[in-house]
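Have a look at the structure below, then the notes.
Derivation of every value follows stated rules applied to the coordinates shown; laboratory data play no part. Fair warning: this is a prediction, and the values are worked out from it, not measured in the lab. Glycine gets a Cβ as well: all are built from the backbone with ideal geometry, and neighbour counts include every protein chain shown.
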Amino acid sequence: MIYTRGHPQDYDEWRQMGLPGWSFDDVLPYFKRLEGHHRGDCDLHGGGGPLTISGGESDSPFYDALVEAGRQAGYPVTEDFNGTSQEGFGRYDLTVADGKRWSTAAAYLRPVLARRNLTCVTGARTTRIRIDKGRAVGVDYVLDKGGRAESVMATREVLLCAGAVQSPQILQLSGIGDPDRLTAAGIGVVHALPGVGENLQDHLDVVMNWTSRGLRTGYAITKGISMLGVGLNYMLRGKGRGGSNSSRRARSCRRARGCRAPTSRSTRCSRSCRITARSRRPRMASRCICASCGRKAGGGSGSPRRIRSPIR
């Protein structure tokens, strides 16, 4: 539910690498078009789009104390991680509307399901993109129930949106990728494109826990009679702990002076957890999740660990 756009430098680097139309100035109008941002229309955000973006509100003193601690330690404070600066301590924006996760399906698909020119097939797995004379003309898929194979043909275009792992996998199953890898897997080469399935960047993180004194965590307010209050507040008002996740504040910083953009990000949340493997029961605690943003110290995109997406 955390809404964080890519750093502008990433998009500009893609354009410099030979991808016209992918600089930050090129993609920003599309971000603004999709956003129904709580800040409204401005230079960097849109206020009338279908994807509702709300601020990470919380009545817990923990989150504001975290931001203030960062300020006292000399770090910058940012009001908007998708604004002019992504570096510093601040509040997350969330894709949450009326206490509910506002997914792309909720924003784009559900409002138009009744259209006559739309057919939504669920419980299906895409197996291949059909290629004819260098053009994608259709898709083969298998239904989960019964395993029946189906095909659908396109009159205009095929959009592949299966995520960072399955998108390249489907391309490879369709014969698009590194010829050597495809041949080794017994797949005929339809279009040689060695970069498919390469440079998948792992999102490594480290989790650290601290016991809390006097901090009423999310665990405490969802146990016993307190759970009833959480449920009623959510049912009647769509607010409170029942309509939120536990990650509301964060830190984003550079690990070296030579970096032009943040290289790591930490997320803080208040919850219960087992501090050590010997803990007999959960204890009130705060948790910090520190993750790499996949950037080289020189400022470019990269990762200390590169892996390939599997063909099968």
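Annotations
- DSSP-assigned coil residues among GluC sites (Glu not before Pro) in region 41-102, each with at most 12 further Cβ atoms within 10 Å: E79
- Cα-only Debye scattering, region 23-178: base-10 log of I(q)/I(0) at q = 0.18 Å⁻¹: -1.17
- Residues of type aspartates and glutamates that K32 reaches as a straight line, Cα spacing below 16 Å, ignoring anything fewer than 8 places off in the same chain: D41, D43, D80, D93
- Net length gained if the chain between V189 and T119 were fully extended (0.36 nm per residue, minus Cα distance): 22.1 nm
- Looking at region 32-120, the DSSP beta bridges with both ends there are about 45 percent antiparallel.
- Ranked packing of 126-136, 143-153, most packed first, by mean Cβ within 10 Å: 126-136, 143-153
- If you look at the Cα atoms of region 94-138, you get an Rg and a Dmax of 15.7, 48 Å.
- Taking a ≥ b ≥ c as the square roots of the eigenvalues of the Cα gyration tensor, an a/c ratio of 1.5 or more together with a/b no larger than b/c marks region 92-221 as oblate.
- Pairwise centroid distance, computed over Cα atoms, of region 1-51 with region 62-137, Å: 12
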